[in-house]
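The values are calculated or read from the model by the stated rules, or taken from the named source; none is laboratory data. In this text, all values refer to a predicted model and were calculated from it rather than measured experimentally. Note that we place each Cβ from the backbone using ideal geometry, even for glycine, and neighbour counts take in every protein chain shown.
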Ligand SMILES: C[S@@+](CC[C@H](N)C(=O)[O-])C[C@H]1O[C@@H](n2cnc3c(N)ncnc32)[C@H](O)[C@@H]1O
């Protein structure tokens, strides 16, 4: 996992959920999940693998609202314990969470209809190995759909490069090339940085006000941490160093 070691400790998760909404660890929270889900065919029998399922927000949405059968996989045991407990508390049946590294975990069935992921691949350095693996986890005709942070062409500004050194970011074009090399067809790559910036601005307004959309407050030290991070992310996006992209591809 490429990340600063304390990124997913309970204190950090509380901070992220305060701004992203309960069960979510991605910018835009449930709105980003709904928007991504609108781009893929999901019916009650659709079997989805959610890679880097975190606290389970997208899995819960896909299962409870869209009726899919969802398996979440996350490399952190703490995440899997928490998402499993939350699924049990809400009585959801068609969802389960597995602790494992998606690159090496042995799945009982490797014929998912959809492999789904939101903002998790930035933690996985070898995209060639990752995309080969995801290809083999899909049934023929199955779809891969994901969002990820992206980088602009060439070297970015110093503050961006320092931020990005914690992650493994590609340009959207490089991602599309890796997808095609892995054998995927119908590769669609949307630069969604505008949508990302809209989420960041809405989140920043809440951070500045000190109250989230549920009207909850947060410790001043956490608020300052979030303020600095969100201002940094916005500066990097405005400079063209950082972006966000959505991808869809089919296993022929
Ligand atoms: C930014 S969080 C996103 C969580 C969730 N998708 C969401 O949007 O709320 C990224 C997640 O990916 C997980 N992750 C990173 N590398 C992984 C790997 N190799 N296999 C499975 N999960 C991984 C992390 O543990 C973390 O929970």
Open item on the list: I want to confirm something. Restricting to region 123-132 and keeping residues that are under 23 Å from residue 55 (Cα atoms) and out of contact with any helix residue (DSSP H, G or I) (no Cβ under 9 Å at 6 or more places or on another chain), which single residue is surrounded by the fewest Cβ atoms within 10 Å (Cβ to Cβ)?
Closed with: 125
- [ ] Inspect all residues belonging to region 46-58 and state whether any of them is surrounded by fewer than 24 Cβ atoms within 10 Å (Cβ to Cβ), at pLDDT 95 or above, farther than 20 Å from residue 202 by Cβ and more than 9 Å from the ligand (Cβ to nearest atom).
- [x] yes
- [ ] Evaluate the following for residue 174: is it farther than 20 Å from residue 57 by Cβ and either within 10 Å of the ligand (Cβ to nearest atom) or out of contact with any strand residue (DSSP E or B) (no Cβ under 7 Å at 6 or more places or on another chain) (or both)?
- [x] yes
Open item on the list: When you scan region 162-171, do you find a residue that is in a strand (DSSP E or B), touching a helix residue (DSSP H, G or I) at 6+ places or on another chain (Cβ under 6 Å) and in contact (Cβ under 8 Å) with a residue 60 or more places away in the chain, even just one?
Closed with: no
Task: Single residue of 45, 22 found to be within 24 Å of residue 229 (Cα to Cα), touching a residue at least 12 places away in the same chain (Cβ under 8 Å), assigned to a loop (DSSP other than H, G, I, E, B) and out of contact with any helix residue (DSSP H, G or I) (no Cβ under 7 Å at 6 or more places or on another chain) - done: 22
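Per-residue answers, yes or no, for (1) under 21 Å from residue 8 (Cβ atoms); (2) loosely packed, with under 13 Cβ neighbours inside 10 Å; (3) within 9 Å of the ligand (Cβ to nearest atom):
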{"position": "74", "(1), (2), (3)": "yes, no, yes"}
{"position": "79", "(1), (2), (3)": "yes, no, yes"}
{"position": "87", "(1), (2), (3)": "yes, no, no"}
{"position": "91", "(1), (2), (3)": "no, yes, no"}
{"position": "96", "(1), (2), (3)": "yes, no, no"}
{"position": "105", "(1), (2), (3)": "yes, no, yes"}
{"position": "109", "(1), (2), (3)": "no, yes, no"}
{"position": "114", "(1), (2), (3)": "no, no, no"}
{"position": "117", "(1), (2), (3)": "yes, no, yes"}
Task: Filtered residue count, region 25-42, keeping only those that are without any contact (Cβ under 8 Å) to a residue 40 or more places away in the chain, part of a helix (DSSP H, G or I) and more than 10 Å from the ligand (Cβ to nearest atom) - done: 2
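Results for (1) modelled with pLDDT under 95; (2) over 15 Å from the mean Cα position of the chain (by Cα); (3) closer than 13 Å to residue 236 by Cβ, shown as yes or no for each residue.
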{"position": "142", "(1), (2), (3)": "no, yes, no"}
{"position": "145", "(1), (2), (3)": "no, no, no"}
{"position": "160", "(1), (2), (3)": "no, yes, yes"}
{"position": "168", "(1), (2), (3)": "no, no, no"}
{"position": "175", "(1), (2), (3)": "no, yes, no"}
{"position": "191", "(1), (2), (3)": "no, yes, no"}
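So, in region 59-68, of the ones that are within 11 Å of the ligand (Cβ to nearest atom) and touching a strand residue (DSSP E or B) at 6+ places or on another chain (Cβ under 8 Å), which residue ends up farthest from residue 88 (Cα to Cα)? Write out each step before concluding.
Narrowing region 59-68 to residues within 11 Å of the ligand (Cβ to nearest atom): 59-61.
Next, only the ones that are touching a strand residue (DSSP E or B) at 6+ places or on another chain (Cβ under 8 Å) stay: 59-60.
Details: 59: 13, 60: 11 Å.
Restricting to residues being within 11 Å of the ligand (Cβ to nearest atom) and touching a strand residue (DSSP E or B) at 6+ places or on another chain (Cβ under 8 Å), the top hit is 59.
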